[in-house]
Amino acid sequence: MMKAAVLLSAGAWRLIAASSSLSFPMQHNRAEMNFDGYPLKLAVDSGSAESYLVYGGWYESLYGPGSCEHLVTGCYFCPSTDPCDLDSLRTQETHKLKFISGCSVDIVARNVTLIVGEKQFRNFQIGLMVGNNGLDRCVQPYALLGLSITPANTTTERLPSTLQQLVKAGGISETAFSIHVSKLYVGISGSLVLGREPHNSTSMISFPLVRPRWARQAFAIAASVVRVKSPSTTDQVIDLSGRQANLEVVVDTGTARTKLPTEVFSMILAAITAEFGFNHVRWSESTHQLQEAELLSYSDKHGHIWVRKNLLGQLPIVVVEVGAESSFEVNLSNHAQICENDWCVLLLTNQIRFLGPSHIFVLGQSFFMDYNLHVNFDDNVIRLATPQGPVEKQVVSKQSWTEILNPRCKRTF
C-alpha cells in the first residue's frame, strides 16, 4: 500500500509539473522552432503525423557550401557534441514518406534537443531529410511539423509523433493542439499552441473526430448535409443521411487549396452561374465564347475558378451540417488570395493530383480565416472557434505567391 501511494503521488506530481501548453509563432504556415540551437521554420501540417528537418550536409552536397543560407526553412546540422555526416546517416535505415501530391522524401531518425524558451527536451526523435524527389523541379525542400498522431492499429513502423513525445516528456499535459489565425497571407500567420489551453465554450463548436478511410494519419468531421447558398438564389442541398457513410471533411493546415467533391464543386459552378448569369460565365471552351469585358467568372485550363475582384462578395457559401444542430461555413471569398489586375483565382479544386476528379473533401488554409482550430486526440474532439479579433487577408500576385511559398533552390557553385 505504501509503495502504491508513492507511485500515485509521483504520477500526480508529474501531471502538475507538466506544462499545459507550448506556443510557437507562425508565418506563411511555418512555425518557428529551435533544434540543437538551430532556429528553423517548419511547415505546419495537421494532416500528417510525420516531422522532419532538412539535413544541411545532404542539401549542401547538392547545391554547394553555404547554400543552406538561402533555404527558407533553414538546415539542421548535427552539433559537435554528437556529430554526424551524410555517409554515417545513410548507413541507417531510411524511411520513404509519400504524399498525395506525388512528392516523396527520404528520412533517417535522429535524436535532437528541442529548445522552447528556457526548456529543453532532450532525445526528441525527428527525421532528417536525406533525399527528395521534388528537387527535379528545383523547388526548395522544407522541414515539416506533423500535428496528427498515428492511429494505434497502424502496423507500419513510424517515428513517434511530436505531440506524443511532448506528452511523454512532460512538456504538455494533453495530446492536443490549437491554431490561432491573425492573418491570411500566403498561408496562415498567427500562433501554434501544442497541448491543452483554456476554451471559451460559448464561442466554440465541437465535433467528434473521425479518421478518413483514405488517409489514416489525417482527421475529419463527418458531415450529414452539404448546402450551397448564394446571395440571391435558392440553396442547393446534398442530403447524406440516406447514404451508408457520411462525407468525411478533412481539416488540413498543410494544403493551400480546399479540395471539394465533384458533386459540391458542380453545385458551386451552378450557384455562380445563377448569380452572375449564363451569359457572363464560361466553364469550358466548348460552351460559348465571350469577350473578356462580358465575363464575370470563368474556369481556366487547370479547372481553377477566376472571379472579378469587385464581385468576390457575391460568391456562394458552402454550409456543412453535422447532425441536427451543428454546422460550419466555408466562405469562398476567403479563398481569393491570388489576384492579377481585376481578376482573382479561388484556391479551390475538385482534382487530386494523379487521381483526377474525386469525392474527397479537404478544408485548406483559407478556411481558417473564419475559425481557430482546436484538436484534442485524447478526447477525440475537433473544435472550431470564431477568432477573438479581426483576421486580415492580404492578396498577392501569382509570382509573389510562388516566390514565398515555393522558392527555387539556389546553387553556390
Subset of region 213-222 that is surrounded by 19 or more Cβ atoms within 10 Å (Cβ to Cβ) and in a loop (DSSP other than H, G, I, E, B) - its residue that is modelled with the highest pLDDT: PHE219
Subset of region 308-328 (residues that are within 25 Å of the chain's Cα centre (by Cα) and hydrophobic (A, V, I, L, M, F, W, C)): LEU312, LEU315, ILE317, VAL318, VAL319, VAL320, VAL322, PHE328
Which numbered condition SER67 fails, given (1) closer than 22 Å to ILE404 by Cβ; (2) among the hydroxyl-bearing types (Ser, Thr, Tyr); (3) crowded, with 22+ Cβ neighbours inside 10 Å: (3)
Evaluation of VAL396 against (1) closer than 19 Å to LYS309 by Cα; (2) among the hydrophobic types (A, V, I, L, M, F, W, C); (3) touching a helix residue (DSSP H, G or I) at 6+ places or on another chain (Cβ under 7 Å) (one fails), failing number: (3)
2 or more residues modelled with pLDDT of 95 or more: qualifying helices (runs of 4 or more DSSP H) within region 1-109: 56-63, 86-90
Filter result (closer than 17 Å to PHE121 by Cβ, aliphatic (A, V, I, L, M), touching a residue at least 60 places away in the same chain (Cβ under 8 Å) and outside any strand (DSSP E or B)) within region 168-212: ILE172
Condition broken by VAL116, with the remaining ones in (1) at pLDDT 90 or above; (2) touching a Phe, Trp or Tyr at 6+ places or on another chain (Cβ under 7 Å) satisfied: (2)
Yes/no for PRO387 being surrounded by 15 or more Cβ atoms within 10 Å (Cβ to Cβ), at pLDDT below 95 and within 27 Å of SER206 (Cα to Cα): yes
Selection within region 112-136 - more than 16 Å from LYS96 (Cα to Cα) and assigned to a strand (DSSP E or B): VAL112, THR113, LEU114, ILE115, VAL116, LYS119, GLN120, PHE121, ARG122, ASN123, PHE124, GLN125
Qualifying residue in region 234-249 (condition: under 19 Å from GLN365 (Cα atoms), out of contact with any Leu (no Cβ under 7 Å at 6 or more places or on another chain) and either at pLDDT 90 or above or among the hydrophobic types (A, V, I, L, M, F, W, C) (or both)): yes
Residues (more than 14 Å from PHE328 (Cα to Cα), of a type in the set (S, T, N, Q) and assigned to a strand (DSSP E or B)) located in region 368-413: ASN376
Unique residue being hydrophobic (A, V, I, L, M, F, W, C), over 26 Å from VAL375 (Cβ atoms) and assigned by TED's automatic domain parsing to the domain that holds ILE172 when the list is LEU135, LEU40, LEU97, LEU144: LEU135
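The values are calculated or read from the model by the stated rules, or taken from the named source; none is laboratory data. Quick caveat, the model's predicted, so the values are computed rather than measured. FYI the Cβ positions are ideal-geometry reconstructions off the backbone, even for glycines, and counts take in every protein chain you see.
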